[in-house]
Amino acid sequence: MPRHLKLLGLTTFALLAALVAINIPLATYAAPQGVISLQFAVTAEQTIQILNSWGAENSHWAVASLLLDLPFIVVYVVTLLALTGYLLLDRPGIRERQAGRWVRGLFVAAGASDVGENICLLSNLSEPTDTLSLMASLFALTKFTALLLGTAGLLVIRASRRHSLHT
């Protein structure tokens with residue numbers, strides 16, 4: 001595995017670990033998964049319940065999580081794109097290349113959806129609205145779907161032929 005891919009993977013993992021650590025104080029009865037619960041709060045009422053359960057003492061953790069998520073988005077998208085390129089190195093076939101373009105597109109769409117979701121969530125922290133809550137949920141759903149489909153695409157690309165990655 002190339003050194004830059006290892007470095008990107010470690011950076012992604014470090015940022016993910018920081019996000020998980022920040023999310024710990026945000027896990028409450030109204031938000032059992034912390035910020036993830038906020039991402040899927042479809043109505044302003046659900047959002048208000050989550051924000052109230054965090055209280056003023058934990059609201060800065062929510063902002064910190066959403067702001068740290070912005071560089072995390074860039075890093076994980078670049079990592080997934082680099083991983084896709086690496087897995088396509090010994091795949092000269094047209095179908096594998098087309099699948100690679102679709103996988104890259106899915107990862108970019110996941111990143112774009114994640115940015116849209118964070119903008120909606122940051123805007124929704126002060127005065128929650130049904131529109132912003134619903135938009136954040138739809139962006140989150142799009143993000144997770146694109147990540148799952150992109151990961152499945154990577155598995156298909158890798159398994160399309162049984163040759164090792166070594167030339």
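Derivation of every value follows stated rules applied to the coordinates shown; laboratory data play no part. None of the values given here were measured: they were computed from a predicted structure. Here Cβ is always computed from backbone atoms with ideal geometry, including for glycine, and neighbour counts include all displayed protein chains.
Here is the P(r) of the stretch 91-162: all C-alpha pair distances, binned every 10 Å from 0, give 22, 37, 21, 14, 6, 0 in whole percents.
Over the stretch 52-128, all Cα pairs binned in 5 Å intervals from 0 give whole-percent P(r) values of 3, 14, 19, 16, 12, 10, 8, 7, 5, 3, 2, 0, listed from short to long. Note on R158 and L10: the model spin-label points, each 7 Å out from Cα along the C-beta direction, lie 2.1 nm apart. Placing one equal scatterer on every Cα of the stretch 6-79 and applying the Debye formula, the log10 ratio I(q)/I(0) at q = 0.17, 0.26, 0.27 Å⁻¹ is -0.64, -1.11, -1.16.
With semi-axes defined as the square roots of five times the eigenvalues of the C-alpha gyration tensor, the equivalent ellipsoid of the chain measures 35, 17, 11 Å, largest first.
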